[in-house]
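This report refers to the structure that appears directly beneath it.
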Amino acid sequence: MKIERLHHIAIICSDYDRSKHFYTEILGFKIDKEVYRKERGSYKLDLSLNGQYLIELFSFPNPPQRPSRPEATGLRHIAFGVKDIEKSVEYLVSKNITVEPVRIDEFTGKKFTFFSDPDNLPVEIYEV
């Protein structure tokens with residue numbers, strides 16, 4: 001087997017409208033396809049960025065909570081590259097999103113920071 005690339009990241013949210021707004025209106029993802037699956041009482045939203053399909057956002061009735069902090073086994077976070085970390089932080093703060101202090105990656109010397117999505121999933125922005 002040879003993996004060619006990352007296909008998508010699947011995220012289950014607790015409040016579909018709130019998460020849809022966050023990923024599209026705040027983070028700027030484009031809606032490729034939105035489907036309501038009546039038999040599951042669930043939405044499936046395909047999101048892309050710069051023409052690349054990246055996130056599959058699901059809603060399910062009463063999904064269980066998954067621990068995120070302290071560091072829990074499983075998916076740690078999702079990360080997105082940005083050109084200017086300071087401008088990105090200013091933008092997020094202007095949208096009332098709490099952002100951790102900017103840090104420097106000890107191996108690359110690049111700046112990065114974290115914030116959370118509406119369900120407390122850690123999201124990293126990393127200066128590229």
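Averaging over all projection directions, find the projected area of the Cα convex hull of the stretch 76-128 and quote it in nm² with one decimal place.
On the way: hull surface 14.5 nm².
So the mean shadow area of the Cα hull is 3.6 nm².
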* Report the one residue of N120, Y16, V35 whose Cα lies farthest in the direction of the positive end of the charge dipole of the chain (charges on C-beta: Lys and Arg +1, Asp and Glu -1; origin at the Cα centre). => V35
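Which length gain, in nm to one decimal place, applies between R40 and K2 when the Cα-Cα distance is subtracted from 0.36 nm times their residue separation?
Working: separation 38, 0.36 × 38 = 13.68 nm, distance 3.35 nm.
Full extension of this stretch gives 10.3 nm more.
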* Dimensionless Rg/Rh of the chain - Kirkwood Rh, Rg from C-alpha atoms -> 0.97
* Structure fact -> Check: C-alpha center the stretch 89-119 vs C-alpha center the stretch 44-77, spacing in Å is 18 Å
* the stretch 1-62 shape via C-alpha gyration tensor axes, a/c threshold 1.5 -> oblate
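Tell me, which longest segment in the chain has none of the trypsin sites (Lys or Arg not before Pro) that fall in DSSP loops with at most 14 further Cβ atoms within 10 Å? It would help to have the intermediate numbers written out before the result.
Numbers: sites that count: K2, R5, R76, K83, K95, K110.
Formally, the longest exposed-site-free interval is 6-75.
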* Sort out the exposed loop GluC sites (Glu not before Pro) in the chain (DSSP loop, at most 12 other Cβ within 10 Å) and tell me the longest stretch that has none. => 5-70
* **Between helix 85-94 and the chain: long-axis angle, C-alpha atoms, 0 to 90°, nearest 10** => 50 degrees
* Asked: With each run of n ≥ 4 DSSP H residues scored as -39500 (n - 2.57), what mean residue ellipticity at 222 nm is computed for the chain after dividing by its residue count and rounding to the nearest 500 deg cm²/dmol?
  -> -3500 deg cm²/dmol
* lysines with Cα under 20 Å of K20, excluding same-chain neighbours fewer than 8 positions away -> K30, K33, K38, K44, K95
* Asked: Roughly how big is the chain's charge dipole about its Cα centre, with Cβ charges of +1 (Lys, Arg) and -1 (Asp, Glu), in debye to the nearest 20?
  -> 320 debye
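Bear in mind these aren't lab numbers, they're just calculated from the coordinates by the rules spelled out. The shown structure was predicted, so the numbers you read here are calculated from the model rather than taken from an experiment. Heads up, the Cβs are rebuilt from the backbone with ideal geometry, glycines too, and the neighbour counts pull from every protein chain shown.
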